[in-house]
Amino acid sequence: MLSTEQVEFYRQNGYLKVESLFTAEEIEELGSEMVRVIENWGSETIGWQGPWRDRYLVEEERLNTKAVFMHNPHFYSSAWGRVIFHQRLVEAVQGLIGESVQWHHTVLHAKPPELGTPFPMHQDYPFYPHDGLDFVDCLVHLDDTPFESGCLEVVPGSHHNGPLEHITGSDTAPHLPIDQYHPDFIETVKIPALAGDVIFFSYCAIHWSDCNRTDQWRKSIRFGYHTPDMRPINHDPEAPYNNIVVGGFKSNRSSTSNYKGQLSINSQLLLSHDCWIAD
């Protein structure tokens with residue numbers, strides 16, 4: 001359970017690190033399972049493409065970075081399916097956005113040793129825009145992540161600006177304009193973490209991370225959760241939008257349900273019928 005001070009810190013700054021949310025035993029199991037997933041199903045790329053690389057990397061590094069990304073590790077490992085419902089993780093999210101919580105995604109972000117890819121300044125909002133702001137990304141660390149391994153860096157309070165315009169296109173991952181947003185002139189907070197720590201941040205928080213220049217892997221898993229009443233932008237309001245509810249209850253946004261009121265009426269009729277009189 002998060003403290004009042006932790007919740008207030010998140011609301012003011014748009015991020016929160018919770019230490020040792022996962023136990024050493026849990027991290028050992030999940031880390032081993034993730035290695036199996038990567039070895040069986042993973043593939044290495046240079047990371048996000050785009051012109052931003054010219055500004056974030058020196059010339060000899062631009063084509064030599066390494067990354068392993070993977071969506072939905074629960075497709076390959078039951079251990080990772082269980083984490084979606086992890087009690088302490090879900091309770092922390094509930095403390096930030098309310099009792100009712102819906103899962104949205106699980107994504108592996110792995111930076112291999114010796115030039116694991118950087119990520120430019122961006123918000124996560126453009127990747128999965130919804131019609132609300134109660135969307136929390138949760139970065140679960142499977143490895144110790146010091147400064148040198150390319151830990152997460154956040155612009156405190158930037159989530160208050162809401163969604164910002166990003167550079168997009170078929171040849172680039174969404175990122176903020178580099179002439180306006182770059183770590184050379186935008187102050188950020190580095191958030192080193194240990195295995196088992198979780199960093200929660202708003203999908204409107206501006207963040208980035210540098211290269212992993214160590215000889216160790218930097219593996220983390222991002223879980224996305226939001227309130228169940230939110231829908232993707234441009235989603236047909238009449239079409240269903242459902243996903244796994246991990247906490248609380250999802251109310252029907254539509255008032256057209258044929259069962260509304262009918263169940264209570266039927267219950268009253270049944271209770272008044274002679275056959276329900278106890279012996």
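Nothing in this text is a laboratory measurement; each read-out follows from the coordinates by a stated rule. Fair warning: this is a prediction, and the values are worked out from it, not measured in the lab. Virtual Cβ from ideal backbone geometry, glycine too; neighbours counted across all protein chains shown.
Quick notes on this structure:
- For residue 49, the residues whose modelled amide H falls within less than 5 Å of its own, excluding neighbours fewer than 5 places apart on the same chain, are 173.
- Restricting the calculation to Cα atoms, the stretch 4-247 yields a radius of gyration followed by a Dmax of 17.2, 51 Å.
- Among 122, 109, 160: highest mean-square fluctuation, GNM of the chain, C-alpha pairs under 10 Å: 160
- Computed over the stretch 1-120, the percent of Cα pairs more than 25 Å apart is 42.
- Highest-fluctuation residue, 117, 106, 188 considered, GNM on the chain with Cα pairs under 10 Å: 188
- For the chain, the longest principal axis of the alpha carbon atoms and the long axis of helix 87-97 meet at an angle near 90°.
- Count of lysine pairs in the chain with Cα separation under 14 Å (8 or more residues apart, or interchain): 4
- The chain: angle of helix 4-13 to the longest principal axis, Cα-based, in degrees nearest 10: 60 degrees
- Here the stretch 64-162 yields Rg over Rh of 0.96, to two decimals, using C-alpha coordinates and the Kirkwood radius.
- Peptide packing for 201-208, 67-74, 150-157, 4-11 was compared via the average number of neighbouring C-beta atoms within 10 Å per residue; ordered from the highest value, the list is 201-208, 150-157, 67-74, 4-11.
- Across the alpha-carbon set of the stretch 144-188, the Rg to Rh ratio works out to 1.01, Rh being the Kirkwood radius.
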